[in-house]
Amino acid sequence: MKKTLTILSTFLTTIFLGLTFATSAANAAELSDAAKKGQDIVFDRKKGNCFACHAMAGSKLPPGNIGPPLIAMEQRFMDKSKLRAQIWDATVNNPESSMPPFGRHEILTEKEIDQVVEFIHSL
Ligand code: HEC
């Protein structure tokens, strides 16, 4: 009985790991170079730290829920410049926003914001 369980759990772990690698490989293949750089910035605690407030795919740490989950971004932000404007200064849309104005406060450079937009738009 114990042996059956061990075999079963090894089998399931293998499938699980296989799936994980398959999906991350697929994601990596789809991302452009700019989007990959953006991904690093988004998950860097000293840069974007976006998952402190937003749930999103690829987050390795438990995300915060102060902001809405960042999903289906392409459908919701057909116009990339609107997405960029939100990240550059969220207080334009909502003066009470708790989201840091990454552009206005120069937390990120213009180039870094472009890269973040590429990544977020791919979610
Ligand atoms: C301190 C919390 C906080 C951080 C950090 C933060 N956000 Fe936000 N974000 C919010 C809140 C709250 C909203 C809801 C709208 C508003 O208040 O501006 C929001 C809204 C958004 C939206 C609009 C979502 C929608 O569905 O309309 C996007 C896109 C976004 N954030 C991207 C980012 C990105 C990219 C980063 C990192 C570079 C980031 N946020 C970091 C709190 C945060």
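Per-structure values
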read-out	value
Residue tally, condition among the hydrophobic types (A, V, I, L, M, F, W, C) and closer than 14 Å to Gln86 by Cα, over region 40-71	2
Among residues of region 99-123, those that are outside any helix (DSSP H, G or I) and either touching a Lys or Arg at 6+ places or on another chain (Cβ under 8 Å) or within 11 Å of the ligand (Cβ to nearest atom) (or both), counted	8
Residue, farthest from Thr109 (Cα to Cα), within region 31-65, restricted to residues that are in contact (Cβ under 8 Å) with a residue 24 or more places away in the chain and among the basic types (Lys, Arg)	Lys36
Enumeration of residues in region 76-98 that are assigned to a helix (DSSP H, G or I) and either at pLDDT below 95 or within 6 Å of the ligand (Cβ to nearest atom) (or both)	Arg76, Leu83, Gln86, Ile87
Residue match in region 46-68 (condition: in a helix (DSSP H, G or I), at pLDDT below 90 and over 18 Å from Ala90 (Cα atoms))	no
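The values are calculated or read from the model by the stated rules, or taken from the named source; none is laboratory data. Quantities reported herein were computed from a predicted structural model and do not represent experimental measurements. Methodologically, a virtual Cβ is constructed for each residue, glycine included, from the backbone with ideal geometry; neighbour enumeration extends over all protein chains shown.
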